[in-house]
1. Which one of these does SER42 not meet: (1) over 15 Å from the mean Cα position of the chain (by Cα); (2) open to solvent by less than 10 Å² (accessible area, probe 1.4 Å); (3) of a type in the set (Gly, Ala, Ser)?
2. Out of all the residues in the range 134-144, is one or more assigned to a strand (DSSP E or B) and polar (S, T, N, Q)?
3. Only one of these is within 16 Å of GLY158 (Cβ to Cβ) and either charged (D, E, K, R) or touching a strand residue (DSSP E or B) at 6+ places or on another chain (Cβ under 7 Å) (or both): GLN119, GLN91, GLN129. Name it.
4. Identify all residues within the range 48-93 that are at positive phi and within 17 Å of the chain's Cα centre (by Cα); write none if there are none.
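The values are calculated or read from the model by the stated rules, or taken from the named source; none is laboratory data. Everything quoted here is computed from the prediction, not taken from an experiment. With ideal geometry, Cβ positions are generated from the backbone for all residues, glycine too; neighbour counts draw on all protein chains shown. All accessible areas refer to the heavy atoms of the entire protein, side chains included, with ligands and DNA or RNA removed. Shrake-Rupley method; radii C 1.70, N 1.55, O 1.52, S 1.80 Å.
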Amino acid sequence: MKKFFILCTVLFCTSLGLTAQDFSDIDKSPMDVTIIRNEDHSPMARIIYSRPKKNGRVIFGDLVPYGKVWRTGANESTEITLYDDMLIGGQKIPAGTYSLFTIPEKTEWTIILNQEIHQWGAYNYEESQDLVRIKAPARRAAATIEDFSIAFQPTTNGTNLFMGWDDTYVMIPFTKAEEENTTSDHSENNTEKE
C-alpha cells in the first residue's frame with residue numbers, strides 16, 4: 001500500500017510539472033538583431049527590430065500606408081545603436097542609440113533617426129526629436145521578401161544598410177566620420193606661412 005501511495009504521489013507531481021511548463025507560442029513578428037563589425041571585430045552598428053510576415057498581404061500603400069511614419073517593423077520601434085560617429089546623408093551622427101523610423105512612399109522613403117528610444121510603435125513619435133532625416137530611393141526586389149528584413153553590407157569606410165519587405169527595399173550608406181587631423185592642419189598652416 002505504501003508503494004502504491006508513493007507511486008500515485010510521484011505521478012501526480014509529475015503531471016503538475018508537465019502542465020506548469022506551458023510555454024506561449026512564438027511571437028507572430030519575432031525580434032531579430034543584425035550587427036556590423038569593424039575590421040578589428042569591434043561593433044560598428046547594431047539594429048534590434050521585429051520581423052513581421054507578408055502572409056499574402058499587400059504591404060506598402062495598404063498595411064503600411066504611404067506618407068505616414070512607420071515603426072519600421074512591428075511591435076516596439078526599431079532601435080539602432082551606432083558605436084562609431086557616422087555620416088548619414090552627409091550629416092554627422094554621434095555614436096549612440098536611436099529609434100529608426102521610416103516614411104515609405106512609392107518611389108522613395110524618408111529614413112529617420114529619432115532620439116526618443118523605447119517606444120511602442122510610432123504612436124508617440126515626435127518629429128521634434130528627429131536627429132536626421134534622409135531620402136532613399138525605393139527599389140524593386142528581385143524576389144518577394146516574405147519577412148521584413150534588415151541587413152548590413154560592409155563597405156570600405158562604413159556600411160550600407162538594407163531594409164526590405166514584400167517587393168521593395170531601400171539602401172542607406174553609412175560612412176565613418178573621420179576625426180580631423182590637427183597635425184596635418186597645423187603642417188598646412190606652417191607651409192602657407194613659408
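1. (2)
2. To start, the set of residues in the range 134-144 that are assigned to a strand (DSSP E or B) comprises 134-137, 139-144.
When the remaining residues are screened for being polar (S, T, N, Q), the result is 144.
Checked the range 134-144: at least one residue is assigned to a strand (DSSP E or B) and polar (S, T, N, Q).
3. Values: GLN119 fails: within 16 Å of GLY158 (Cβ to Cβ); GLN129 fails: within 16 Å of GLY158 (Cβ to Cβ).
On inspection, the qualifying residue turns out to be GLN91.
4. Within the range 48-93, the first condition is being at positive phi, and the residues that meet it are 55-56, 61, 67, 72-73, 75, 89-90.
Residues satisfying the conditions are THR72, GLY73, ASN75.
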